[in-house]
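Enquirer: One structure is given below, represented as structure tokens, and several questions about it will come after.
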Amino acid sequence: MTSGLLILAQESTVVPSEFGRMVVNGISLGAIYAILALGFVIIFKATQVLNFAHGALSAMGAFLIASFATIINVPGRWMEGSPVWLQWVLSVVFALVLAALIGMALERMFLRPMIGEALFAVAIVTLGIDIIVRTITNDFIGQTSRPMGDPFGLKTVGLGCANGGFIGEADLVELCTVRIPWTTVFQMILTIALVAGVAMFFRSRTGIAMRATAWDQEVARAQGISVGRIFATAWAIGAVMAAIGGLFISMFPRRPGGVDTFTAFFAFRAFPAIILGGLDSILGAIVGGFAIGFAESAASTYLTFGFLGTGFGGVVPYIVMLLVLLIRPYGLFGTEEIRRV
Amino acid sequence: MRGRPLLYTRYEADQAILNTVTKKVMVLIFLSALLLIPFQVLPGLDFLGENDWLRLLSTVAIFIIGALGLNILLGLAGQVSLGHAFFMGVGAYVAAVLGSDPEGLRLGFGLPMWIWLPAAGVVAAGIGVAFGPAAVRVRGLYLAFVTLGLVFVGDYVFRNLISVTGGAEVGRTFPPLEFRLWKEDTPLIDFASDGAWFGIELTSEAKTFYFVLAVAILFMLLAKNLQRTRVGRAFQAIRDRDIAAEIMGVDEVSFKLRAFGISSFYAGVSGALLASFVGTVIPARWDLFLSIQFIAIVLIGGAGTVAGVVLGTAFVTLLPRLVQDATLWMEDVVETGDNLLATLLDLVVATESTDFGLINTLPGVGPGLSVFQLNQVIYGLLIILFLIFEPLGLFGIWIRIRNYWKGWPFTY
């Protein structure tokens with residue numbers, strides 16, 4: 001009797017923290033936006049293409065991952081007995097390779113002929129690519145959600161739980177101050193790794209060639225750099241980043257069911273993050289991604305007044321973008337265009 | 001003079017809206033053909049007079065108005081806008097609020113069309129100009145994203161202003177197309193019922209078609225005229241090089257605001273007519289895809305030309321119907337015929353749930369694109385192919401045909 005009362009008393013001291021949930025959600029959203037923005041900015045910097053098809057590519061990548069991991073189960077079907085996480089990682093790698101190949105093919109078919117055209121015309125071409133890739137992907141996805149098959153599932157790490165500040169896999173009934181989904185931990189680690197990878201890539205031989213191409217395509221050619229190969233590399237990296245973004249969208253905190261026909265539209269919300277940081281800034285993509293992620297998370301947590309209606313969190317990124325652009329027309333870190341006569 | 005049709009001795013003749021004999025003759029033929037369509041007397045084209053085709057052609061006329069607006073902004077002034085659908089939505093809801101029945105489910109004041117149709121344009125233009133300063137400060141590609149934001153913010157507003165828009169799922173009804181002097185009971189002219197105009201019996205579809213056609217021609221003339229005024233030339237100067245335009249005395253801010261205002265006016269009128277024509281519309285109608293559709297129209301038709309916009313609108317708006325008809329024809333061939341053609345087409349269309357086919361008209365069964373999805377893929381492909389191979393659009397193709405015959409037989 002007394003012990004039961006004691007537990008009740010302990011439980012009442014643990015109050016789920018709204019602020020903590022907001023921060024965790026912001027990190028998760030920020031990771032999605034930052035990864036999507038990163039891929040977009042790499043394509044834009046290296047090839048001067050404003051890629052409106054990024055959302056469609058992310059949905060396509062997520063669907064490829066879902067296909068390899070759950071629908072056709074490759075290579076899992078040939079390696080029974082091996083750990084689940086290994087099967088899943090291999091599936092993801094296969095899907096990412098395929099996504100990279102598709103990205104390179106799209107570039108070769110539709111964007112290579114447009115080299116030298118006005119930036120706007122090229123951007124509209126990617127709008128056409130977006131329609132095609134999105135429609136075909138959505139047709140494959142169908143009316144259902146396709147689960148990602150990731151080993152994290154709905155597991156969370158609890159902080160400040162009822163049974164003493166235990167850090168571990170808290171199950172869903174237990175009361176905790178903050179819960180961090182495993183998927184968010186995974187997203188955070190992968191984002192840091194990818195950002196570090198990109199930073200290292202730009203110091204490699206190919207990366208330096210890409211920077212030279214971004215600076216001036218003709219001079220880069222004169223130095224013996226194959227600009228075509230650089231473009232292909234940039235699109236491969238961009239498609240992989242988009243696919244990872246799509247994977248992040250289709251996981252537990254956002255869409256536990258997996259990739260569906262909404263995924264491509266979700267990625268449209270990453271555009272404010274890109275603009276906020278500046279179209280051509282890698283640092284801006286990451287800062288912008290997390291800033292927009294936190295802004296959206298904070299708005300959905302705290303701005304819940306009745307007169308705002310439903311879905312206000314979803315437009316906060318655009319409102320932030322409009323305000324920032326009014327003050328800084330080239331984003332926070334974007335290169336100011338020098339207009340010459 | 002007769003042998004040299006391009007010799008102008010007066011400036012006005014050179015600047016005339018129809019400045020060559022060929023143009024005058026062609027416009028005359030085209031107009032009389034359009035006027036005769038509802039009577040089903042044109043040989044080979046009599047099917048256009050059927051009611052469903054007349055409705056489709058009315059949609060084309062309404063879309064032409066919106067596309068002309070985007071053409072002024074994109075083709076003349078060179079400003080990228082993905083927000084055209086938002087301004088159409090604004091126009092539609094202004095029309096709905098002003099024109100709807102006051103006793104209806106949603107907000108309405110029951111005013112006649114001669115008030116709500118211009119008001120739809122004016123309010124949209126006002127919002128366009130109010131949005132202008134943001135658009136002027138941000139240039140080029142950043143502008144595309146700002147206007148993209150406009151579509152999404154607009155979508156949120158439309159979904160939540162339930163007293164005006166009816167909410168995301170339900171939508172609302174719009175005032176019908178009919179002329180009243182004020183709030184009298186029987187309209188002066190209505191388009192909803194069959195009846196006689198000047199002694200000629202017309203169906204309601206034919207009446208509607210004539211009305212929207214007249215509005216579209218009016219807006220075409222205005223757009224064509226704009227190109228040869230000081231304002232139109234200032235737009236083109238800004239498009240070609242904004243700094244050079246400023247040096248020549250063109251006030252960049254003022255003219256960009258005007259471009260946004262005029263373009264939004266066209267969009268507002270087009271949106272009001274479209275919603276009124278369709279009857280019931282949900283807020284999701286004014287989404288990004290509608291904007292992209294208009295960009296596709298302007299680019300496929302040929303940016304910066306009125307004739308190109310007309311060609312592009314007809315092409316893009318009639319395409320879904322053509323694809324649908326082609327699919328039905330292919331299904332018919334596969335099911336009835338047993339020849340080589342049927343075998344080949346069997347690979348293209350799926351007739352049963354187990355059958356493989358690129359096109360699958362059975363919803364939600366098996367792989368294969370539905371007719372709607374196929375249309376979208378074709379839109380995308382057309383945008384890409386036109387930009388790669390024919391950046392001047394259908395109008396550019398026409399120019400090349402024209403130049404071929406101009407120099408015939410010495411064309412090389």
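The values are calculated or read from the model by the stated rules, or taken from the named source; none is laboratory data. Just so it is clear, the model here is predicted, and its values are computed rather than measured. All Cβ positions, glycine included, derive from the backbone under ideal geometry; neighbour counts span all protein chains shown. Ligands, DNA and RNA are stripped out before the accessible areas are found, and what is left, the full protein with its side chains, is counted by its heavy atoms. Shrake-Rupley method; radii C 1.70, N 1.55, O 1.52, S 1.80 Å.
Enquirer: Under a plain spin-label model, where a point goes 7 Å from the Cα along Cα-to-Cβ, how far apart in nm are B:Trp197 and A:Phe265?
Expert: 3.9 nm
Enquirer: Still on this structure, I have one more. Given the convex hull over the Cα atoms of chain B, what projected area results after averaging over all orientations, in nm²?
Expert: Spelled out: convex hull of the Cα atoms, projected over all directions, averaged, 25.9 nm².
Enquirer: Using a 10 Å cut-off on Cβ atoms, rank the peptides A:192-204, A:259-271 from the highest mean neighbour count down.
Expert: Ranked from most to least packed, the peptides come out as A:259-271, A:192-204.
Enquirer: Same structure, new question: Using θ = phi - 60° and the Karplus relation 6.51 cos²θ - 1.76 cosθ + 1.60, list the HN-Hα couplings for the range A:279-292 in order, rounded to whole Hz, with x at every Gly or Pro.
Expert: Each residue's phi maps through the Karplus curve to give 4, 10, 10, 5, 4, x, 4, 6, 4, x, x, 6, 4, 5 Hz.
Enquirer: Oh, and also: Ignoring everything except DSSP H segments at least 4 long, calculate the 222 nm mean residue ellipticity for chain B; use -39,500 (n - 2.57) per segment, divide by total residues, nearest 500.
Expert: Rounded to the nearest 500, it is -21500 deg cm²/dmol.
Enquirer: Next up: Please list, in order along the range A:155-160, the HN-Hα scalar couplings obtained from phi with the Karplus expression 6.51 cos²θ - 1.76 cosθ + 1.60 (θ = phi - 60°), rounded to whole Hz, x for Gly and Pro.
Expert: Ordered by residue, 3J(HN,Hα) equals 5, 10, 9, x, 10, x Hz.
Enquirer: Non-local amide H neighbours of B:Leu369 (under 5 Å, H modeled in plane, Pro and chain starts lacking H): which ones?
Expert: Answer set, sorted by chain and number: B:Ile359, B:Asn360.
Enquirer: Counting only heavy atoms of the protein chains, get the accessible area per residue of the protein assembly as shown (1.4 Å probe) and round it to a whole Å² value.
Expert: I get 46 Å² per residue for this part.
Enquirer: Residues of the range B:66-82 losing 10 Å² or more of accessible area relative to the isolated chain, 1.4 Å probe, heavy atoms only?
Expert: Residues meeting the cut-off: B:Leu74, B:Val80, B:Leu82.
Enquirer: Relative contact order for chain A: what is it in percent, counting Cα pairs under 8 Å that are at least 6 residues apart?
Expert: Worked out over chain A, it gives 32 percent.
Enquirer: Once a ≥ b ≥ c are taken as the square roots of the eigenvalues of the Cα gyration tensor of the range B:123-256, is the result rounded (a/c under 1.5), prolate (a/b larger than b/c) or oblate (a/b not larger than b/c)?
Expert: Note, shape of the range B:123-256 comes out oblate.
Enquirer: Could you tell me what percent of the accessible area of the protein assembly as shown is made up of carbon and sulfur, with a 1.4 Å probe and every protein chain present?
Expert: Accessible surface attributable to carbon and sulfur in the protein assembly as shown totals 67 percent.
Enquirer: List the residues whose amide H sits under 5 Å from the amide H of A:Leu332, counting only those 5 or more places along or on another chain, with H placed 1.01 Å from N in the peptide plane.
Expert: Hits under the 5 Å cutoff: A:Gly277, A:Gly278.
Enquirer: If R0 is 22 Å, what FRET efficiency do you get for B:Glu103 and B:Ala130 from their C-beta distance, rounded to 0.05?
Expert: Efficiency at R0 = 22 Å is approximately 0.10.
Enquirer: Just to verify a number: FRET efficiency for B:Trp408 and A:Ala105, C-beta to C-beta distance, R0 = 51 Å, to 0.05?
Expert: Approximately 0.75, to the nearest 0.05.
Enquirer: Would you mind computing, in nm to one decimal, how far apart the modelled labels at B:Leu181 and B:Leu6 are, each placed 7 Å from Cα along Cα→Cβ?
Expert: 5.4 nm
Enquirer: Relative to the present Cα-Cα distance, how much length would full extension add between B:Asp338 and B:Phe289 at 0.36 nm per residue of separation?
Expert: That works out to 13.6 nm of additional length.
Enquirer: Per-residue counts of other Cβ atoms within 10 Å, averaged by peptide: what ranking do you get for B:122-132, B:79-89, highest first?
Expert: So the order, starting with the most tightly packed, is B:79-89, B:122-132.
Enquirer: Work out which residues of the range A:113-139 lose at minimum 50 square angstrom of accessible surface when the other protein chains are put back, relative to the chain isolated, with a 1.4 angstrom probe, and list them by number.
Expert: A:Phe120, A:Ile124, A:Leu127, A:Ile131, A:Ile132, A:Thr135, A:Asp139
Enquirer: Would you kindly state the longest site-free stretch of chain B, with sites defined as GluC sites (Glu not before Pro) in a DSSP loop (not H, G, I, E, B) surrounded by at most 12 other Cβ atoms within 10 Å?
Expert: For GluC sites (Glu not before Pro) (loop position, at most 12 other Cβ atoms within 10 Å), the longest site-free span of chain B is B:185-351.
Enquirer: For B:Ile243 and A:Val89, FRET efficiency with R0 = 41 Å and r from the beta-carbon atoms, rounded to 0.05?
Expert: E(calc), rounded to 0.05, equals 0.15.
Enquirer: Spin-label point model (7 Å from Cα, Cβ direction): what's the A:Ile192 to B:Val41 distance in nm?
Expert: It works out to 8.1 nm between the two label points.
Enquirer: Taking a probe of 1.4 Å and counting only protein heavy atoms, give the total accessible area buried between chains B and A in Å², rounded to the nearest 100.
Expert: 4100 Å²
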